[in-house]
């Protein structure tokens, strides 16, 4: 039921993002909307095909050799078979901070990256739980979903920028800029819609984390192992956050690697770790 609920939430949130985009587009007509869509598609299609290489380079990840990591290869192979996907490539992050992420544009071109810290911190069953979580992201095509959300949010941000310029130079052509109601709509469009789009985009990311937790736990039939792993990763990351990298990539990781504390959960890239652990420990598989 929980997975269905979060899948439904993703669909609803993407629908709201799309509706918001169409509403904003009505201010500009077809031309403005198409220009914004073209820019966003070029940027995000490029991101979809090449971002995994940039992220791996950013964190200085190196492809693993099976001779050096036989147990990890065995676990990734087993979990991939459970999920019925092509075995992803395995990369190692040279950092003592424990974390992991999955990337790649589809299940046939995917990567699971594990830090040296997570390999040394976790027991075999806990590490397998983490691997299952990352394979679940690949199986569920979360990279594609994130790209779609980013594309829509990017168009909204572009159109909001156009609205700010329109406000500076006297409103939209063909509209009565003296209308007070129109002025309020313009203000809402220019300032609040990008914020709303960002909140929705982050909410989609949080929903996908819950789904990956549940999918991963079902693949291994060991939800307690993943719960234990999350607890250890969270505790260790609070003392040893990653020293390099970018907050823009935080959503990729199984836990926020920079130990960021947001004053509002709306602006968090991940659900509360306590909630994730509670859900996993209440699962029956």
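The numbers here are math on the coordinates, done by the rules we state, and not lab data. Only a predicted model underlies this, so the values are computations on that prediction, with no experimental measurement involved. When we count neighbours, we look across all protein chains shown, and the Cβ atoms used for this are built from the backbone with ideal geometry, even at glycine.
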When all Cα-Cα pair distances of the range 217-257 are considered, the percent exceeding 15 Å is 51 percent
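Rank the residues 240, 137, 52 as a footprinting-exposure proxy: fewest other Cβ atoms within 10 Å of their Cβ go first.
Taking fewest neighbouring Cβ atoms as first place, the list is 240, 52, 137.
Test of understanding: express the Cα radius of gyration of the range 53-111 as a ratio to 2.2 N^0.38 Å, with N the residue count. Don't skip to the answer; put the middle values down first.
Numbers: Rg = 11.7 Å, N = 59, 2.2 N^0.38 = 10.4 Å.
Ratio of Cα Rg to 2.2 N^0.38 Å: 1.13.
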